[in-house]
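None of the figures in this text is laboratory data; all of them are computed from the coordinates on show. The model shown is predicted, which means the values in this text are computed figures rather than measured ones. Cβ sites come from the backbone with ideal geometry, for glycine too, and all protein chains shown count toward neighbours.
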């Protein structure tokens with residue numbers, strides 16, 4: 001069937017252009033992009049989607065997601081995570097390896113891809129572990145993992161403490177054409193901490209995690225990238241000092257890219273007041289000055305990507321005393337509205353925001369997606385950027401509900417998601433996948 005998406009505002013994240021256009025989709029790909037009123041439905045065999053008053057954007061490519069399968073299916077599965085993803089406008093996601101067992105072998109990578117195929121929702125790209133068992137000691141078989149389908153390597157959830165191991169990881173991954181994603185944390189400074197070390201942690205009596213815990217390891221990764229000439233991607237940047245380190249590295253033409261998550265530009269450490277465990281994340285929510293620096297880093301292009309760091313946990317891990325609760329919050333369905341707030345604040349232009357959510361992560365991972373041009377696969381979303389609503393627990397399609405944004409007012413909502421030309425999610429309608 002041919003699909004005609006008519007009269008939408010097409011967002012081109014590559015050129016940074018927003019203009020009204022019609023899309024014609026055939027055989028799963030965008031066959032034509034035309035000015036409104038040019039195309040004529042002479043055969044009346046088209047599926048017509050009226051996108052008036054909607055943004056038509058490339059589907060989001062979320063490069064930092066925890067799907068918990070295998071091993072923690074009570075928190076999330078590849079299917080439930082995929083359903084939350086497409087509801088949030090995400091058409092492709094990269095899932096981190098900290099499962100049980102970790103994704104440190106061909107068999108786990110292939111399992112993830114098989115489960116993704118069964119779910120038939122968002123495209124899933126496995127990220128394999130840097131080291132066996134994510135213990136930071138022995139490198140995994142990068143070549144075998146890439147052949148099985150891994151697009152990157154990371155020990156996310158755990159830092160690679162040994163600098164020699166990290167150096168060899170950069171060199172080996174570069175040879176194999178894989179990106180290394182760094183979880184930058186000096187655990188000797190952070191292991192006892194529950195939140196950001198500062199005025200709020202002192203006031204409410206919780207042990208803190210200093211900004212230096214993140215910044216020290218980012219400095220090391222930059223130094224190793226300089227030494228080896230091999231690219232490194234810095235995950236979940238949260239501090240002003242980290243932004244400055246990455247800015248200087250880019251000025252020196254060191255091959256480093258970086259991401260942040262929406263909670264680092266939407267919340268600060270005051271969100272922990274009242275001991276809300278849904279605001280307990282790692283790295284922790286920082287100060288207002290850090291939030292300002294993250295926004296500035298996004299505006300200046302120092303931070304390349306916005307990713308959810310979707311980290312589902314059940315009530316078993318979250319409805320506890322703060323010091324016993326797990327770190328992490330979900331984010332697949334809130335990434336888009338929180339990022340659109342940056343556009344309303346004038347921090348980012350719309351095209352820039354969508355670029356950081358789609359084209360840039362796809363480019364870093366070297367996967368398809370993030371563009372709306374003739375000839376590419378039709379992975380896209382229709383967005384109502386001005387729709388205002390209160391996020392309710394029942395709106396969340398993830399198996400876990402650990403979000404500090406439940407009960408909060410949000411603005412901007414996905415209305416429809418298409419993957420490979422097939423509608424996989426539409427508000428108030430049921431779809432079985434691709």
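Computed values, structure above
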| item | result |
| --- | --- |
| Using alpha-carbon coordinates, inclination of helix 211-228 to the longest axis of the chain, degrees | 80 degrees |
| Computed label-point distance, nm, for sites residue 296 and residue 34 using a 7 Å Cα→Cβ extension | 4.9 nm |
| Stretchable slack from residue 288 to residue 163, in nm (0.36 nm times residue separation minus alpha-carbon distance) | 41.8 nm |
| Equivalent ellipsoid dimensions for the stretch 59-365 as semi-axes, Å, which come from the Cα gyration tensor, largest first | 26, 23, 21 |
| For the chain: relative contact order, % (alpha-carbon pairs under 8 angstrom, 6 or more apart) | 20 percent |
| Acute angle (nearest 10 degrees) that the helix 106-119 long axis makes with the longest principal axis of the chain, alpha-carbon atoms | 40 degrees |
| Stokes-Einstein D for the stretch 56-215, Kirkwood Rh over Cα pairs, 10 °C, 1.306 mPa s (µm²/s) | 95 µm²/s |
| The stretch 59-365 - share of DSSP beta bridges that are antiparallel (%, nearest 5) | 5 percent |
| Gain in span if fully extended, residue 73 to residue 387, counting 0.36 nm per residue against the direct Cα distance | 109.8 nm |
| Packing-based ranking, highest mean first, of 45-57, 335-347 given that Cβ atoms within 10 Å are counted | 335-347, 45-57 |
| Inter-label distance, nm, simple model (7 Å from Cα along the C-beta direction), residue 135/residue 376 | 4.3 nm |
| Among 311-323, 124-136, the order from most to least packed when residues are scored by Cβ within 10 Å on average | 124-136, 311-323 |
| Rg [Å, one decimal], Dmax [Å, integer] - the stretch 94-162, C-alpha atoms | 11.5, 39 |
| Spin-label pair residue 276/residue 175, simplified geometry with 7 Å Cα→Cβ offset, distance in nm | 4.8 nm |
| Theoretical FRET efficiency, 1/(1+(r/R0)^6), r = Cβ-Cβ of residue 244 and residue 191, R0 22 Å, to 0.05 | 0.30 |
| Per-peptide average of other Cβ atoms within 10 Å, ordering 390-400, 27-37, 88-98, 211-221 highest first | 88-98, 211-221, 390-400, 27-37 |
| Calculated FRET efficiency for the pair residue 46/residue 212, C-beta based, R₀ 56 Å, to 0.05 | 0.45 |
| For the stretch 280-434, the spread of Cα positions along each principal axis, largest first, Å | 53, 40, 31 |
| Kirkwood hydrodynamic radius (C-alpha pairs) into Stokes-Einstein, the stretch 4-149, 20 °C and 1.002 mPa s, D in µm²/s | 122 µm²/s |
| P(r) histogram, all alpha-carbon pairs of the stretch 197-308 included - 10 Å bins from 0, percent | 15, 46, 28, 10, 1 |
| Extension gain, residue 320 back to residue 204 (0.36 nm per residue minus Cα-Cα distance, nm) | 40.1 nm |
